[in-house]
Amino acid sequence: MKHQMIIVLCVLVMATTAFAGQQEFSKGKLFLTPQFAYYSYAPNLGVSVEYAVTDNIGIGGSFMLAFWSDDFAGIKISESLITPSVEAYYHFTKIQAEKFDLFAGLSIGYSIFSWSWDIGDSKWSDAGSSGIYLSPILGARYYLSKKLALCLKSHYSALGSWTGIGGEFGLTFMLGK
């Protein structure tokens, strides 16, 4: 099911590049996006920032957090994942259309995973499978006003311990110009 959703999103983004708008993304603008994400392992909360270096290229980064725990049969499990990343995007701005900003990019980051198990009188914990990851991204912003947009991104983590498919949904605030 997840693979089908990603394929549909990819086809949709490629088929609708004609709707990208230059007014929405241009050199010198700064974009701040508080976001919610769901990857194949857990829900995440975080924030991303992007700066428009040119009229088509943006650079930035994200900081995402995931925490989960469970308590069953006297075993308490607690895990966390923190993922800071650096990102670069290409925005499809050649064809004019209002309210849309479609983009593709690449994210390189570091997954910081830790876990703790509490079984009666015994406790175990470890840093787990932390490491570098690489993730291609497809995304779109739909502008509700000149400075506010809905943002949707699709990730496929292709390298690292936390590989899988996921998506992010956020509210983008355009700062500056």
*Count the net charge of all other residues whose Cβ sits under 11 Å from the Cβ of Ala149, scoring Lys and Arg as +1 and Asp and Glu as -1.*
+2
*asked:* Just to confirm a number: summing +1 for Lys and Arg and -1 for Asp and Glu over residues other than Met64 whose beta-carbon lies under 14 angstrom from that of Met64, what do you get?
replied: -1
*Using only the Cα atoms of segment 42-110, each taken as one equal point scatterer with no solvent, compute I(q) by the Debye sum, divide by I(0), and report log10 of the ratio at q = 0.12, 0.28 Å⁻¹.*
-0.48, -1.17
*First select every other residue whose beta carbon is under 12 angstrom from the beta carbon of Phe92; then total the charges, Lys and Arg +1, Asp and Glu -1.*
-1
*Among Trp115, Trp68, rank each residue by its count of other Cβ atoms within 10 Å, from fewest to most, as a rough exposure measure.*
Trp68, Trp115
*FRET efficiency estimate (nearest 0.05) - Cβ-Cβ, Ile108 to Leu65, R0 22 angstrom*: 0.75
*Using a Förster distance of 41 angstrom, determine the FRET efficiency expected from the C-beta separation of Ile75 and Leu30, and round it to 0.05.*
0.35
_What Kirkwood Rh does segment 49-177 have if only Cα atoms enter the pairwise 1/r average? Answer in Å._
16.8
*Segment Lys99-Ala42, extension gain: residue separation times 0.36 nm, minus the distance between their alpha carbons*: 17.4 nm
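Read-outs: derived from the displayed coordinates by stated rules, not from any lab. Computed from a predicted model, the values in this text were never measured in an experiment. Ideal geometry is used to build each Cβ from the backbone, glycine not excepted, and the neighbour counts take in all protein chains shown.
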